[in-house]
């Protein structure tokens, strides 16, 4: 009887078989003798020799237990001398042997009961309850009904978790029978050692356990005591024109070898595609043969002949056929066909057709006349070509259909007449549209001048059908602005990179000492021929208005106007009062008085402190600073006014409270600084926002041009606190002018320049004459400084009404 066991050796599951009933090795008897001697060693001995022998036997038995009794190569049984719980017993067997004994036949039970010594608590075997089923732990297989060997009334469990199995060895009542017991009880471990190993039978046969040894039952295709030999089929002769690919898992051309066959290009297999070496040492079939691939048979075309070469077989792989047509016909298709390895010809069978020429195409911008008209593409027909106005023929004007179905010349083309190239005018841009090619018939070239130049001549010229231009290219002349005159009491410095008052000329203005500039500091000549602003003037710098001190008087002299640079004021006090401060002050070039105004102090005739002036408040966008001598807004109180950046003071810069309870003037106001009015050159479009008034501080203007024109300059300008725009007024690049318009524009500019020169001379003479009659009164400087009270703005000055 055969059965399968699964011992656990070095942590791996391995499957073996054993035959018959296992027997114990002689070494097991030695174990029994050692155990008997161990029992005898506990009896007292009188003789010292016997006692020494017992001690020696005791020491040998102890060492034997530590070395796990014994280990042999064949199938053997072993047991432990000590008693252990079931789990420890199995670990003991797995560590020193294979596993706990797995019993599955009656003869084996009888053999174990015969050779294993009696032990009062009996022996553990390799059966345990797992998932409520009795299971061989070595194979993890459930115990079958046929293999059961329970004692009477067993298993009974006794409701005490009796999940492990013991075997009654040499039991009087039930020898060799099984009983379920709690796994924690201590019993001897009954172990076995397998003969079959991992490499038994070279893994090419089934290892069958026998008593103390094993035999090999070889798998098909293998033979030998250890199944070490493989059945060979032998080599075969490789067929002609064949390719083979073989795999030999067990050796060259041996059992399990497989060979796949295929043929070279142009050949196909005749026979099986695959051979395999069987376990009997015979191939599954004879090797296949390779035969040439066959193509379809061909015949000569109508009105033609065929000539074929067959190196292998008629119309087979490698065959080639050449075709020729009778006179007056031509081959349509390939004139030579080859039979390919796929069994197909390289093309369809050609035919012989009458010779014709492809119909020619009439040239673009031309005409074609063929004869005879009924067969324009027939052999020997001809075609004549002509071109329309503005185009000339390139190629042969007559062609004829020739022998090989080809025209005697390619069809001609009609090309537009070419106009000669021209030089681009200085400072000009040219844009050409060429419908029929660069500078050819119907080409139109448009001219525009660079910024700062005017177009003189035709704005566009056209290439005519004669190959001539409709006119000569125009010229670009520099734009000029009217001449400027330097301001009176000042100087003008100009930079003219292109000479004269031309485009990109720049003039800067500076006033003499004691005068300030009213207007822009710089003017630029724009592309439109206008200056970016009105020429500035130089006005006398003025100091803030000054008043006589309370209980005092004031006497001033003015060389250049009231309170202007060089003006001198002298102070004096009434009787009984003393002057505190400088007795005289002078207006300096900085717009400040040389000293703060003095005061008159005394103890007589003091005003009633209850008399006062109305309370003052700072003007909008302005500041106020007051000096209270006798009380808040009391007589002799002086208040000074100034404005924030970008604003000028309109009114008196200081007020004094009189003894009458009235201020010397009304409270001043702050007005936004004005910038020069923007000169709108057509067609520039401006959109302005004015938070403090038209063209005033904070005003922002954006510019753009009509569609099709480009903006030259900044797209945005802002009025700054100094009364100047952040950018010059831009211009739009208008369309080019005709000669008449350019001459009119230049003539007008010359007339304007002459008029401005004459007018400027008269204005200078008039100003000089008026200065001689000057009564000494001038408007005040818009930015003046007085003492330490800070910056003040003179309301008497406003550059705009």
Can you name the strands (runs of 3 or more DSSP E) wholly within the stretch 624-741 that have at least 3 residues being more than 30 Å from residue 428 (Cα to Cα), at pLDDT 85 or above and within 50 Å of the chain's Cα centre (by Cα)? 685-689
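Residues are listed down the side, and each one gets a yes or a no for (1) in the same structural domain as residue 449 (by TED's automatic domain parsing); (2) under 15 Å from residue 532 (Cα atoms); (3) surrounded by 15 or more Cβ atoms within 10 Å (Cβ to Cβ); (4) free of Cβ contacts under 8 Å to residues at least 40 places away in the same chain:
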residue: 674; (1), (2), (3), (4): no, no, yes, no
residue: 693; (1), (2), (3), (4): no, no, yes, yes
residue: 699; (1), (2), (3), (4): no, no, yes, yes
residue: 705; (1), (2), (3), (4): no, no, yes, yes
residue: 710; (1), (2), (3), (4): no, no, no, yes
residue: 713; (1), (2), (3), (4): no, yes, yes, no
residue: 716; (1), (2), (3), (4): no, yes, no, yes
residue: 719; (1), (2), (3), (4): no, yes, yes, no
Which ones in the stretch 179-206 are modelled with pLDDT under 90 and part of a strand (DSSP E or B)? 192, 193, 205, 206
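Yes or no, residue by residue, for (1) within 54 Å of the chain's Cα centre (by Cα); (2) surrounded by 15 or more Cβ atoms within 10 Å (Cβ to Cβ); (3) modelled with pLDDT of 90 or more; (4) at positive phi:
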site	(1), (2), (3), (4)
460	yes, yes, yes, no
465	no, no, no, no
474	yes, yes, yes, no
477	yes, yes, no, no
480	yes, yes, no, no
486	no, yes, no, no
497	yes, no, no, no
Which condition does residue 347 not pass, out of (1) surrounded by 13 or more Cβ atoms within 10 Å (Cβ to Cβ); (2) modelled with pLDDT of 90 or more; (3) in a loop (DSSP other than H, G, I, E, B), if it passes all the others? (1)
Can you report the number of residues in the stretch 465-490 which are within 16 Å of residue 535 (Cα to Cα) and assigned to a strand (DSSP E or B)? 1
Verdict on residue 498 being in contact with a helix residue (DSSP H, G or I) (Cβ under 7 Å, 6 or more places away or on another chain) and under 30 Å from residue 532 (Cβ atoms): no
Mind listing whichever residues of the stretch 310-341 are in contact (Cβ under 8 Å) with a residue 12 or more places away in the chain, at negative phi and part of a loop (DSSP other than H, G, I, E, B)? 312, 313, 314, 317, 319, 326, 334, 335, 340, 341
Scan the stretch 247-275 residue by residue and report those that are surrounded by 15 or more Cβ atoms within 10 Å (Cβ to Cβ) and either assigned to a strand (DSSP E or B) or assigned by TED's automatic domain parsing to the domain that holds residue 311 (or both). 254, 259, 261, 263, 267, 268, 269, 275
Just checking, which of 431, 408, 386 is surrounded by fewer than 12 Cβ atoms within 10 Å (Cβ to Cβ) and either within 30 Å of residue 461 (Cβ to Cβ) or more than 54 Å from the chain's Cα centre (by Cα) (or both)? 431
Hey, could you check the stretch 350-368 for residues that are in a strand (DSSP E or B) and more than 15 Å from residue 401 (Cβ to Cβ) and say which is modelled with the lowest pLDDT? 352
Candidate set: the stretch 207-227, residues that are modelled with pLDDT of 85 or more and assigned to a strand (DSSP E or B); chosen: the one surrounded by the fewest Cβ atoms within 10 Å (Cβ to Cβ): 217
Of the conditions (1) outside the structural domain of residue 409 (by TED's automatic domain parsing); (2) surrounded by 15 or more Cβ atoms within 10 Å (Cβ to Cβ); (3) modelled with pLDDT under 85; (4) more than 21 Å from residue 308 (Cα to Cα), the single one that residue 329 does not satisfy is (4)
Which condition does residue 334 not pass, out of (1) under 30 Å from residue 399 (Cβ atoms); (2) touching a strand residue (DSSP E or B) at 6+ places or on another chain (Cβ under 7 Å), if it passes all the others? (2)
Among residues belonging to the stretch 334-344 that are exposed (fewer than 15 other Cβ atoms within 10 Å of the Cβ) and at pLDDT 90 or above, point out the one that is farthest from the chain's Cα centre (by Cα). 336
It is to be established whether one or more residues within the stretch 439-457 are free of Cβ contacts under 8 Å to residues at least 24 places away in the same chain, in a loop (DSSP other than H, G, I, E, B) and surrounded by fewer than 19 Cβ atoms within 10 Å (Cβ to Cβ). no
Being surrounded by 14 or more Cβ atoms within 10 Å (Cβ to Cβ) and either free of Cβ contacts under 8 Å to residues at least 24 places away in the same chain or closer than 30 Å to residue 249 by Cα (or both) narrows it down to one of 196, 191, so name that one. 196
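The values are calculated or read from the model by the stated rules, or taken from the named source; none is laboratory data. What you see is a predicted model, and the numbers here were worked out from it, not measured in a lab. In this analysis, Cβ positions are derived from the backbone assuming ideal geometry, glycine residues included, and neighbour counts consider all displayed protein chains.
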